1. Using a 1.4 angstrom probe, figure out how much accessible area the range 11-112 has per residue, in square angstrom, rounded to the nearest whole.
2. Leaving out ligands, DNA and RNA, what percent of the accessible area of the range 97-145 is carbon and sulfur, probe 1.4 Å?
3. Can I get the semi-axes of the range 3-52's equivalent ellipsoid? Compute them from the C-alpha gyration tensor as square roots of 5 times the eigenvalues, in angstrom, largest first.
4. If I model a spin label as a point 7 Å beyond the Cα along the Cα-Cβ vector, how far apart are those points for E76 and K53 in nm?
5. If the viscosity is 0.890 mPa s and the temperature 25 °C, what translational diffusion coefficient in µm²/s does Stokes-Einstein give for the range 1-133 when Rh comes from Kirkwood over Cα pairs?
6. How much length is gained if the chain between K4 and S143 is pulled fully straight, taking 0.36 nm per residue apart and subtracting their Cα-Cα distance, in nm to one decimal?
7. Considering only Cα-Cα distances, which of the following residue pairs are longer than 20 Å: K7/K41; K4/K41; K4/K128?
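The values are calculated or read from the model by the stated rules, or taken from the named source; none is laboratory data. In this text, all values refer to a predicted model and were calculated from it rather than measured experimentally. Note that we place each Cβ from the backbone using ideal geometry, even for glycine, and neighbour counts take in every protein chain shown. Only protein heavy atoms, including side chains, enter the accessible area calculation; ligands, DNA and RNA are left aside. Shrake-Rupley method; radii C 1.70, N 1.55, O 1.52, S 1.80 Å.
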Amino acid sequence: MTLKLPKEINEIIGISREEAMRTGCYDITPDHLVLGIIRHKDNSAYELLARFKIDILILKEQLNSHLSRENIIPFEESDKISFSDQVQEVLREMIVSARANKISSPNAARMLLAIVRCSNSLAAAILKDHGMTPEAIIVSLDSTPKSQEPKEAYEEEEKLPKKKAKISSL
């Protein structure tokens with residue numbers, strides 16, 4: 001499937017890739033996506049975390065502790081980094097959610113909703129424990145003025161990989 005993702009999503013995916021390498025993982029997981037959202041900061045998912053009063057530093061520490069391996073992945077091996085099956089499902093769900101809600105392109109809040117909705121990651125469990133259920137996120141998104149939902153056209157073309165596809169430079 002070929003589609004164009006907004007710049008914000010591509011930036012978060014790029015940061016998540018760096019987070020996977022930093023933590024010594026060859027697969028980008030939903031937990032890496034959340035670390036990417038946190039590191040990016042200027043996005044609707046980060047605002048949602050703040051709205052739900054999630055302690056960002058504690059969340060980040062818990063995810064880093066869970067994910068970190070002994071060695072980081074060297075840049076020379078960056079072509080071996082791929083999406084996990086769960087991340088592929090998260091990205092599909094994010095797109096379906098945006099389309100179902102007649103939003104022209106998915107945003108980081110839709111990504112976070114998809115992480116909570118369809119992943120069994122540590123991040124999803126932590127967020128659910130703090131009241132960020134899919135239902136609560138939807139209510140929060142529905143209360144967000146439509147002017148804050150993205151209206152721009154898709155900016156960059158991105159291919160959702162099939163099983164363990166490699167990620168090219170973003």
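1. Normalised by residue count, the accessible surface of the range 11-112 is 46 Å².
2. 55 percent
3. Numbers: eigenvalues 69, 40, 13 Å².
One finds semi-axes of 19, 14, 8 Å for the range 3-52.
4. 5.1 nm
5. Working: Rh = 14.8 Å.
Translational diffusion coefficient: 166 µm²/s.
6. Values: separation 139, 0.36 × 139 = 50.04 nm, distance 2.67 nm.
Here the segment from K4 to S143 would lengthen by 47.4 nm.
7. K4/K41; K4/K128
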